[in-house]
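Novice: Below is one structure. I have some questions about it.
The values are calculated or read from the model by the stated rules, or taken from the named source; none is laboratory data. None of these values were measured; they are calculated from a predicted model. So basically every Cβ, Gly included, is an ideal-geometry build from the backbone, and we count neighbours across all protein chains shown. Heavy atoms of the whole protein, side chains included, go into the accessibility calculation; ligands, DNA and RNA do not. Shrake-Rupley method; radii C 1.70, N 1.55, O 1.52, S 1.80 Å.
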Amino acid sequence: MPAEYRLILKHALEPGYTPDLACYLRHGGYETLRKGLTLPPRTLPDGRSLSPQEQIREEVVKSGLRGRGGAGFPCGLKWSFVDRRSGKPIYLICNADESEPGTFKDRQIIYRDPHQLLEGMILACFANDVHLGFIYIRGEFTEGARILERALAEARDHGLLGKNILGTGYDLDILVHRGAGAYICGEETGLIESLEGKRPYPRIKPPYFPAVLGLYLCPTIVNNVETLCNIKHIVAMGGSEFAKIGTPNNTGTRLVSLSGHVRRPGCYEIETGKVTLGELIFDPAFGGGLREGRQLQAVIPGGVSAKVFRAGERVSLRRRGLDGKEVVEERDVLDLPYDFDTLIAAGSMSGSGAVIVIDDSVSMVDVLANISAFFAHESCGQCTPCREGSLWMAKILKRLASGRGRPRDAEDLLHIADNIPGGRTICAFGDACSWPVQSTVSKFKEQFLARGAEGEPYRKVAQPAATSVARLSGTGGGAHPAASALASSVSTAS
Amino acid sequence: MSTAAPASQLMGDGVRPATETIRIRVNGREVEVPKTMPDWQGKPVPTTMLQACEWAGVTVPHYCYHPKLPVAGNCRMCLVEYGTPALGPDRQPILNPDGTPRIVKSPRPAIACATPVTPGMEIYTDTPGVKAMRAGVLEFLLINHPLDCPICDQAGECKLQEYALDYGEAFSRFGEAKVHKPKAVDLGPRIVFDAERCILCTRCIRFTRDIVGDDALGIVHRGSYSTIATAPGRAFDNNYTLNTVDLCPVGALTSRDFRFRMRVWFLKETPSICPSCGTGCNIRIGSRQGRIYRYTPRPNDAVNSHWMCDYGRLNYKWIHRPDRLQKVEIRGRVSSWELASDQILQQLRVASPGSVGLVASARLSNEELWLLSRLKARLHALSDAVPREGEGDALLLHADRNPNTQGARLTGVCYTEMGSQLPLIWERIRTGQIRILLVFGEDVIRQGCDPASLDQLEMLVVCDVLPNATTAKAHFLLPGCAPAEKSGTFTNVHGRVQRFHAAIPPPGEARPEWQFLAEWVTRLTGESLPGHLPGLFNRMASEVRAFQGLTWSELGDLGRLVPV
Ligand SMILES: Cc1cc2nc3c(=O)[nH]c(=O)nc-3n(C[C@H](O)[C@H](O)[C@H](O)COP(=O)(O)O)c2cc1C
Ligand code: SF4
Ligand code: SF4
Ligand code: SF4
Ligand code: FES
């Protein structure tokens, strides 16, 4: 029986659990911090001695923890890139921008259990010799920012933050910085620019790898909220123990934000790789299935940037068997275990852990038009392919969705989407805005072609577009199929 | 970071060539490139793919990259494919059966402008993949671009036109309404901005912020609606704004002065030197049929990098003033060069030592000043030049507004302290000791010479380009030339001797000063002088200690430094 596995949300969802320090302390809070800060130096067989900081970093490597912000990059490896010899301060930033559509996991932690984040973050800062950390929180989380400020004040009052933390001589302060409402502020180098007070234009890499030239051109670590919470559990239980949760190379738990056409949408914590996509959607412990009479049409497994799966799609997975030989297995998408590696092997990704379920009551053209409108609105506009391509795709899709499509729109969309991703842009937003288009148009081509054909009579009757929009919607008529589609689109737009 | 780099920092006589090299391949051809090359500030940093390709003679198209600006990496036009040698577990290259290193091609392209080369790297700029990426970028740049070429000032020198022709597709897939943005926006007093033409390369922003140190420009809105703008209520108005027009790869930023006045392909471009201050920015004079339409900076790392100031750039209008002196006049009557020269020389020949005063302008060329110093020596004249001061800045504009103060000093027309002898000259005119005054390009009355005292002179010879109080009193009035109308050299404040060339013919009877001065010197001294400027320069160089060893041809386009 698949079931939730609560590690991070262990207490947060309990009735009566409050975000204040007293409650956190009652639940054993900050004991791990004390443990981590006071680890005795460990001597290695070769006589070298490991400082507490090095020990924590080593445990994080052993834990196999992968970043929960979207890319799933191994956390220990990321920390190992930090330039510790530059003589410059090292900064750590908690990425609490949570703006990938469909994602609502970091806010569970921030709103319900902020001290868990702080404890993990203080440990991460300690492990990396950081003396100033930042929590960059999404502008829309006004209450979340207030909760964090309160939690930080409590922590300072109790000697858990500030000078000489817990009498260990370690100094650290953490500041909350509110974003102003742009998705791109979640991209780590855009975030850094924003924190510096500039437009959140992602930086080019090389040369601006955050681990070397990050905030104020100093070595910087950017980690997601959930990632940082895990640090606390890794220090508490040890890296190898943590690595036993989940599956190999996909350790620990994942907070899955389940949304869309399921009966029980919500945030569920699972052991990584121990629950399948199908179980997440249909099992009573999770989504509880679709609504009455509906059929599953598609699943977006990792936030809207992830490539969509079509219901019934079979994917070939190449994996290395126990004997080291490569085996190719074919599976239904719903039987894919929810983890990092499998979803990548299946051509998509677990991204930010947002599973969006789409039933047959909607058109995939409309779904994609909605997604593309988001990306066109959020492209920072810095680099050519993304800036121009995202809006172009959104315009085509808007027209297509409003019944003024052309049969060639599907091909055009694929052509445009092929010219944006794969390193052609400065940041991964270029991939994020084109992957949904590539996957949705190619996997649901018939819907796009059908919509494109619908536009045919409209084009013959009414031209040019601008004047006829006014005329057709003015008559309020519904006789002409294209006209009614248009009228409805006009009324929703206004 | 956003401090204006002082000009002196940008300059230096180039970075010493890096001795260490690395071997790479560009499109299969092996080349050895320096391990480091100068970045935008001239600091040696690891050589980029783009620099390496240029080194190998392979063009990588680019919009946002500029050698003198911090790298932005936003246009994506310079994307290339590349591979690096595969390394074994021992970090040693894995070899192919034929002994060559095995190259692993990167699955992702890289921007050539920001990616350093590494030993053994292979760069591919002509694969179908690279061509498709370029065509893709161009298609994206063009979908919202207005089809303004027929009325756009940039046409003819537009990178969008050029690359579209070289790398673009001939048809458009785009069937949507274009994004419309403001046109003909007054960003500042000298700059007109067309947001629809802008390709958002941010060159203008980076120049203004990182070179000038002015945060005037930025981007507002986002995505495809992004637009260059000034901060609300602030004008784009520093002394370097027009450089953004040169930097702008398209016709988005236009010069109010040049806008709609001339098609660039009709312009003749003459290498020259800006005569408006002692920095001596290297420029090109764009002219057509005897009219000047614009000055643009000509790169010279030792002087002005790629820039010039707005003041110097726009200071050419006087050349075409209708009241330019165009005729030789003797006591108010139109005459000829022959007659005037004969009469002037006749009097000079018999002038007693000490009776001649000479006031020269430090706007004259080295050659002219040298010829004047020869006259001075022959006549035992008291001479000086007129200092001209203004406010300087940290980038290029120098407080010394004469282009050739050093030339006047080195040729001996004036002392180190230019102008120190002027009061003495005025005094001796007043007392009648000076009976003959030769004035070249200055208004002595404005400089403090008593106008009435000029009436006592036996002979007042004035050569100038525009009328003034002194020219009105001249017994002999000789029409001279603007620097744009003649060739010669200036010595800038740092001692760099730089050539300029005639871009347009002088108006009317006006003649380059060096021509008739050389004739006068020959006739007065009997010494024959070359009748052409290069020869004259070489003769001067052999006689003036500071210029020793220089030759006209060796000066080249970038000039030579002499000790001052
Ligand atoms: C367009 C874009 C938006 C992103 N938004 C977020 C976000 O809202 N929250 C987040 O944690 N990471 C986001 N990321 C990922 C971050 O760049 C970065 O990889 C992450 O914060 C690293 O943390 P981790 O290693 O703990 O996952 C985004 C990335 C991109 C390309
Ligand atoms: S890919 Fe898009 S979001 Fe990222 S830097 Fe380029 S324009 Fe901005
Ligand atoms: S105005 Fe010109 S220089 Fe400035 S960003 Fe636009 S295209 Fe580039
Ligand atoms: S700085 Fe001086 S030399 Fe350069 S353009 Fe300006 S006035 Fe001319
Ligand atoms: S030249 Fe613009 S990205 Fe390299």
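Novice: Take peptide B:211-221, look around each residue's Cβ out to 10 angstrom, count Cβ atoms belonging to other protein chains, and average those counts.
Specialist: 1
Novice: Still on this structure: Per residue of A:388-397, how many C-beta atoms from partner chains lie within 10 Å of its own C-beta, taken as a mean?
Specialist: Per-residue shielding by partner chains comes out at 6.
Novice: Now for a different question. Kirkwood hydrodynamic radius, computed over distinct alpha-carbon pairs, for the range B:7-126: how many Å, to one decimal?
Specialist: One decimal place: 15.2 Å for the Kirkwood radius.
Novice: Order of B:242-255, A:39-52 by packing, highest average Cβ count within 10 Å first?
Specialist: Highest to lowest by the protection proxy: B:242-255, A:39-52.
Novice: Total accessible area buried between chains A and B, 1.4 Å probe, in Å² to the nearest 100?
Specialist: Heavy-atom accessible area buried at this interface is about 3000 Å².
Novice: Then there's this: Along its principal axes, what span do the Cα atoms of the range B:220-350 show, with the longest given first and each in whole Å?
Specialist: Result for the range B:220-350: principal-axis Cα extents of 78, 33, 32 Å.
Novice: Using label points projected 7 Å from each Cα along Cα→Cβ, tell me how many nm separate B:GLN343 and A:GLU31, to one decimal.
Specialist: 11.4 nm
Novice: Once the Cα atoms of the range B:275-419 are picked out, what are the Rg and Dmax in Å?
Specialist: Just the Cα atoms of the range B:275-419 yield Rg and Dmax of 18.3, 51 Å.
Novice: So, one more: Projected onto the charge dipole of the protein assembly as shown (+1 at Lys/Arg Cβ, -1 at Asp/Glu Cβ, origin at the Cα centre), which of B:ILE143, A:PHE126, A:GLY179 gives the Cα projection farthest towards the positive end?
Specialist: B:ILE143
Novice: Let me ask something else. Name the residue farthest towards the positive end of the dipole of the protein assembly as shown from the options B:GLY390, B:ASN538, B:SER341, assuming +1 on Cβ of Lys and Arg, -1 on Cβ of Asp and Glu, about the Cα centre.
Specialist: Highest projection toward the positive end goes to B:SER341.
Novice: Now a separate question. What nm value, rounded to one decimal, do you get for the distance between A:ILE344 and B:ASP148 when each label is placed 7 Å out toward the C-beta?
Specialist: Calculated label separation equals 4.6 nm.
Novice: If you take every DSSP beta bridge whose two residues both sit in the protein assembly as shown, what share of them, in percent to the nearest 5, is antiparallel?
Specialist: 65 percent
Novice: Let me ask you something else. Given Cα pairs under 8 Å that are at least 6 residues apart, what percent is the relative contact order of the range B:7-126?
Specialist: Reported as a whole number, the value is 30 percent.
Novice: Shifting gears a bit: At q = 0.21, 0.22, 0.23 Å⁻¹, what log₁₀ I(q)/I(0) does a Debye calculation on the Cα points of the range A:250-358 give, no solvent, two decimals?
Specialist: Values, matching the q order: -1.09, -1.19, -1.29.
Novice: Using a 10 Å cut-off on Cβ atoms, rank the peptides A:171-178, B:146-153 from the highest mean neighbour count down.
Specialist: A:171-178, B:146-153
Novice: Please compute the average number of Cβ atoms from other chains found within 10 Å of each residue's Cβ in peptide B:167-174.
Specialist: That works out to 2 on average.
Novice: Let me ask something else. Taking the Cα centre of each part, how many Å lie between the range B:395-453 and the range A:27-95?
Specialist: 75 Å
Novice: What is the magnitude of the charge dipole of the protein assembly as shown about its Cα centre, with +1 placed on the Cβ of each Lys and Arg, -1 on the Cβ of each Asp and Glu, and no other charges, expressed in debye to the nearest 20?
Specialist: 1200 debye
Novice: Another one. Once you put a point 7 Å from the Cα of A:LYS325 and another 7 Å from the Cα of B:GLU417, both along the Cβ direction, what distance in nm separates them?
Specialist: Calculated label separation equals 9.9 nm.
Novice: Multiply the residue gap between B:GLN326 and B:GLN289 by 0.36 nm, knock off their C-alpha separation, and tell me the result in nm, one decimal place.
Specialist: 11.5 nm is the gain from fully extending B:GLN326 to B:GLN289.
Novice: Right, here's the next one. Quick one: if you take sqrt(5λ) for each eigenvalue of the C-alpha gyration tensor of the range A:21-244, what semi-axes come out, biggest first, whole angstrom?
Specialist: 25, 21, 16
Novice: Here's another thing I want to ask about it. If you rank B:TYR311, A:TYR30, B:TYR167 by how much accessible surface each has, with a 1.4 Å probe, what is the order from largest down?
Specialist: The residues order as B:TYR311, B:TYR167, A:TYR30, largest area first.
Novice: Kirkwood-based Rg over Rh for the range A:328-432 (C-alpha set), two decimals?
Specialist: 1.00
Novice: Roughly how big is chain A's charge dipole about its Cα centre, with Cβ charges of +1 (Lys, Arg) and -1 (Asp, Glu), in debye to the nearest 20?
Specialist: Approximately 740 debye in magnitude.
Novice: I've got another one for you. How big is the Kirkwood radius of chain A, worked out from every pair of different alpha carbons and given in Å to one decimal?
Specialist: Final number for the Kirkwood radius of chain A is 24.2 Å.
Novice: Any residues in the range A:418-438 that have 20 Å² or more less accessible area with all protein chains than in their chain alone, probe 1.4 Å, and which are they?
Specialist: Buried-area filter returns A:ASN419, A:GLY422, A:GLY423, A:ARG424, A:ILE426.
Novice: Using C-alpha positions alone, give me the convex hull volume of the protein assembly as shown per residue in cubic angstrom.
Specialist: It comes to 231 Å³ per residue, whole-number rounded.
Novice: With r as the distance between the Cβ atoms of A:ASP129 and A:ASP418 and R0 = 45 Å, compute the FRET efficiency 1/(1 + (r/R0)^6) and round to 0.05.
Specialist: That pair, A:ASP418 with A:ASP129, gives E of 0.50.
Novice: Divide, for the range A:1-69, the radius of gyration over alpha carbons by 2.2 N^0.38 Å, where N is the residue count.
Specialist: 1.52
Novice: So for chain B, what are the equivalent ellipsoid semi-axes in whole Å, largest first, each being the square root of 5 times an eigenvalue of the Cα gyration tensor?
Specialist: Semi-axes from the Cα gyration tensor: 54, 28, 19 Å.
Novice: If contacts are Cα pairs under 8 angstrom and at least 6 residues apart, what is the relative contact order of chain B in percent?
Specialist: 11 percent
Novice: Could you let me know the centre-to-centre spacing of the range A:223-240 and the range B:157-187, using Cα atoms, in angstrom?
Specialist: Rounded to whole Å, the Cα centres lie 51 Å apart.
Novice: Starting from the Cα-Cα distance between B:ASP90 and B:GLU527, subtract it from 0.36 nm times their residue separation and give me the gain in nm to one decimal.
Specialist: The B:ASP90-B:GLU527 span can extend by a further 149.5 nm.
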